[in-house]
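Below is one structure, written out as structure tokens; comments come after it.
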Amino acid sequence: MSRKKQALIIGLGQFGRALASTLAARGVQVLAVDKEEGPVSDVIDVVDDGLVLDASVESVLEQLDPARRDICVCTIGSEARDHAIIVTALLRQLGAPRVVARANDAATERILMLVGAHEVVNPDRAFGERLANRLIYSGVIEELPLGDDLVISEIRPPGVFLSRSLRELDLRQRLGLSVVAIRREIDGRERVLIPTATEVISADDILVVVAPRDDLHRLLEVSP
């Protein structure tokens, strides 16, 4: 039996609580930490453990043994930027193998990278970009970046796709677009299919595609 992944989440604002709860629901062993008792109480029933402490104190953070956690996430918000920077630096110094930190502005993002974060996320900016694409391109249901250029997107099929097979459409060669899954209602239940070349696209399908961002958006702009 494989070992459960372990995550240390520091900072339990709205974003931190959502992250801790979602990781726990997906089978990750989560230790959730905040300076205030209230946020810890909000997640204590869904995570493996929750502690009220100041993780910006090195001796305190060391007791949490970040070096043995698969991932450590500092989700402290902009209202305590100094603490976020200190915690991120300490996590690296204490041997955390993967440190992800949250930033709400470009300056904080640069500093967090400089002090050792392996990855910096800006949830407000990411949500804003995803919402903008959904507002501009009505066919986009959800979109997530894969690196600097590629996106994985859930889209409603353009009219030119309907009643045609993936082999006929030849999307990979013509557009650099790969359909990796199809969400489809079958017998009253939504199913996720791994499509074959003979799969015919219907109007009610939701396509999960991987494509260069600009090429996908160009397709959605010109297709009814």
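Taken together, the values in this text are just the output of simple stated rules run on the coordinates, not laboratory data. Note that this is a predicted model, so its numbers are computed, not measured. Note that we place each Cβ from the backbone using ideal geometry, even for glycine, and neighbour counts take in every protein chain shown.
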Angle between the chain longest axis and helix 123-136 axis [Cα atoms, degrees, rounded to 10]: 20
Starting from the exponent 0.38 and prefactor 2.2 Å, build the expected Rg for the chain from its residue count and divide its actual Cα Rg by it. 1.24
Could you tell me the ratio Rg/Rh of the range 6-121? Both radii from Cα atoms, Rh via Kirkwood. 0.93
Place a label point 7 angstrom from the Cα of GLU119 along the Cα-to-Cβ direction, then list the residues of the range 59-103 whose backbone nitrogen is under 17 Å away. 69-76, 88, 92, 96-103
Using a basic spin-label model with each label point 7 Å from the Cα along Cα→Cβ, how many nm lie between LEU146 and ARG164? 2.2
Give me the percent relative contact order of the chain, please, defined on Cα pairs under 8 angstrom at least 6 residues apart. 13
For a Förster distance of 41 Å, can you work out the FRET efficiency between the beta-carbons of LEU51 and ALA181, rounded to the nearest 0.05? 0.55
Based on DSSP H runs of at least 4 residues, each adding -39500 (n - 2.57), what is the mean residue ellipticity at 222 nm of the chain after dividing by all its residues, to the nearest 500 deg cm²/dmol? -10000 deg cm²/dmol
Sequence gap at least 6, Cα distance under 8 Å: using those rules, report the relative contact order of the range 1-120 to the nearest whole percent. 22
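Please report, in debye to the nearest 20, how large the charge dipole of the chain is about its Cα centre when each Lys and Arg carries +1 at its beta carbon and each Asp and Glu carries -1 there.
Numbers: 27 positive and 35 negative charges, 142 e Å.
Here the size comes out at about 680 debye.
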Inter-label distance for THR22 and ALA106, nm, one decimal - labels placed 7 Å from Cα along Cα-to-Cβ: 2.6
Tell me the angle of helix 213-222 to the major Cα principal axis of the chain, expressed in degrees between 0 and 90 and rounded to the nearest ten. 40
Taking R0 as 45 Å, what FRET efficiency do you get between SER202 and SER78 from their Cβ-Cβ distance, rounded to the nearest 0.05? 0.50
